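No value in this document is a laboratory result; all are computed from the given coordinates. None of these values were measured; they are calculated from a predicted model. Glycine gets a Cβ as well: all are built from the backbone with ideal geometry, and neighbour counts include every protein chain shown.
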Amino acid sequence: MNYSVISLIRLLLLIFPHIAFSMNHDDSLKKARMLFDSGKYQHAGKLLKVINKKHPEDLNTQWLYAQSAYWSKKFNLSIMLYEDAIVKHPDDHYLLLDYGIKMVDIGEFEKASPVINRYMAYDNPGADVLIADSKMAYWQYNYKKAMAGIDKVLSDHPENENAMSLHEELLIAKSPWIKISSDITRDDQPLFFLGPSVEAGFSKRAFLNPSVTFKAPRYFSEGIQYQTYDIQAINKINIIKHNTTVLLGAGVFKLPSNEESFTGKLKLTKTLFRQFSIELLAEHKPYLYTKANMTNPIQRLHYDLSLNWTGKRGWMGRIGHDINYFYSDDNKVYSSSFWVVSSPLKILRTESRVGYAYSYSNSEDDRFSPVKTIDQIIASWHFNLQITGYYNPYFTPKDQSINFIIYQFRYNPSPEFETGLKLTYGFLATTQNPYFFLTNHGSNGLTVQKDFYEDEYHPYDGTIFIKWRLSRRMSIQSEYILSNTHFYRSHSGMVSLKVSIWDERDEKE
């Protein structure tokens, strides 16, 4: 065979595997891009993981892999891929900018700031850079800087939808607001509650987000009306560097007995590892949930500690412990609970979730008391008499254990309107139910004794809600709740109107 022919064959044998290999890589990357563009980020990420392993130096593969991880909410993986690609390709300015913008959206400001500041130093930074810089300023409560950046974008690009959306959000966030509400509750104790309220506030700085609430709750029980007043002042402090929010509140409450009670509130929320947050609540406030409280109001210290979780794919959960300490009679009522709901199933404009919850409640001492005195009971005694009782002055569960199934549904026909329902239904629910009986103690005569028996029941809660943004400045919200507990069955309703206050000059700051 001619030597030149043999050489050509050898050359083709050397080149062909590389050509085939390159075609296979390009085809795989093209398929991953199609999956990414169609919103199938999880599938794209799985394919890109394989391609990236074979081609660790290929910028296009690793970049698209980092973006897929970001949109799949695998933020730690996304950060690692971006930073590895930047080390390998330090001169690619578009990669660095995309990384900076993604870090802003994730909330990694320490990583984002050097990158965004580098591009902000240019004479004419692009719209994406200005929007990212404005987001950082906004989320750090620097409204003036945020609005200045967005105004610059809109002056050059008046149709930029991202800038318009952020501008609207900024106006609402930094403007004073007022909310007018009314609550109504009727239960079968019987107790009827009507609670009009007015709330107003504003947000100025990370450490200055005050609000004031005035409520005029009115209670009706057995034909008697009880007027109360509640004034509360609250300030929210955001410690951004430590991902912590502190809420401080104080106020005064006029009780049905015309006595005044001072109230206080401390709520601490700390974000941990992006998906978890721990919340601590301590407050002093009156207890007004039984008809006995109308003539015998009681104070309590309320403590709550919880760990909250939001999963990458929309799963959510909470585990918590709650204590009510009634210091006037040195008694505690406490409960432990947890719940978890699934990621949303989205069909058209609807969203559904299912979940499970469990709670256990108990009290150190029971407060179930006879309605009548011992003399009245004896005077009307007959064999079939049932000695009736009531909780005085507060409800005290006894070994109350409940399993719940949860269903949540939302419907968003437009960005301005949302409606839905939340349902919980209890099963395998038991409690120790108190009852009274007469017993003869010989020389001491008849006495009323109390004992408990295990009772099975089916508690439930159903909520229907509507949220409607009527205009840029005004929104309304309403809800109806049907609740059935071991202690009572109740119907509740709420409607509120919230108005943000700004004028045209605010829009042109």
Suppose R0 equals 41 Å; then what is the FRET efficiency for Val354 and Asp375 from their Cβ-Cβ distance, rounded to the nearest 0.05? 0.15
Express the relative contact order of region 175-507 as a whole percentage, based on alpha carbon pairs under 8 Å and six or more residues apart in sequence. 13
Would you mind pulling out the separation of the Cα centroids of region 320-383 and region 236-311, in Å? 18
Could you tell me the calculated FRET efficiency between Tyr453 and Leu280, based on Cβ-Cβ distance and R0 = 22 angstrom, to the nearest 0.05? 0.05
Which entries of Lys215/Lys236; Lys291/Lys332; Lys46/Lys152 show an alpha-carbon separation above 30 angstrom in the structure shown? Lys46/Lys152
What distance in nm separates the two pseudo spin-label positions at Ile172 and Lys204, each 7 Å out from Cα along the beta-carbon direction? 2.4
Evaluate the Debye formula for region 175-507 with equal point scatterers sitting on the alpha carbons, no solvent, and hand back log10 of I(q)/I(0) at q = 0.06, 0.09, 0.15 Å⁻¹, in q order, two decimals. -0.28, -0.61, -1.71
Pairs beyond 18 Å (Cα-Cα), from Lys135/Lys204; Lys145/Lys174; Lys49/Lys74; Lys111/Lys267; Lys88/Lys135: Lys111/Lys267; Lys88/Lys135
I need the phi-derived Karplus couplings for region 199-206: 6.51 cos²θ - 1.76 cosθ + 1.60, θ = phi - 60°, integer Hz, Gly and Pro marked x. 10, 9, x, 7, 10, 10, 9, 4
Computed on Cα atoms, Rg of region 226-344 relative to 2.2 N^0.38 Å comes out at 1.28
Starting from a Cα-only point model with no solvent, please compute log10 I(q)/I(0) by Debye for region 153-204 at q = 0.26 1/Å. -0.95
When the Cα centres of region 141-188 and region 390-405 are compared, how far apart do they sit, in Å? 43
Of the residues Asn76, Phe383, Val198, the Cα lying farthest along the dipole of the chain towards its positive end, which is defined by charges on the beta carbon of Lys, Arg, Asp and Glu, belongs to Asn76
Roughly speaking, what is the stretch gain from Leu428 to Arg118, that is 0.36 nm per residue apart minus the C-alpha to C-alpha distance, in nm to one decimal? 105.6 nm
Hull volume per residue for region 3-173, using the convex hull of the C-alpha atoms, in Å³ is 161
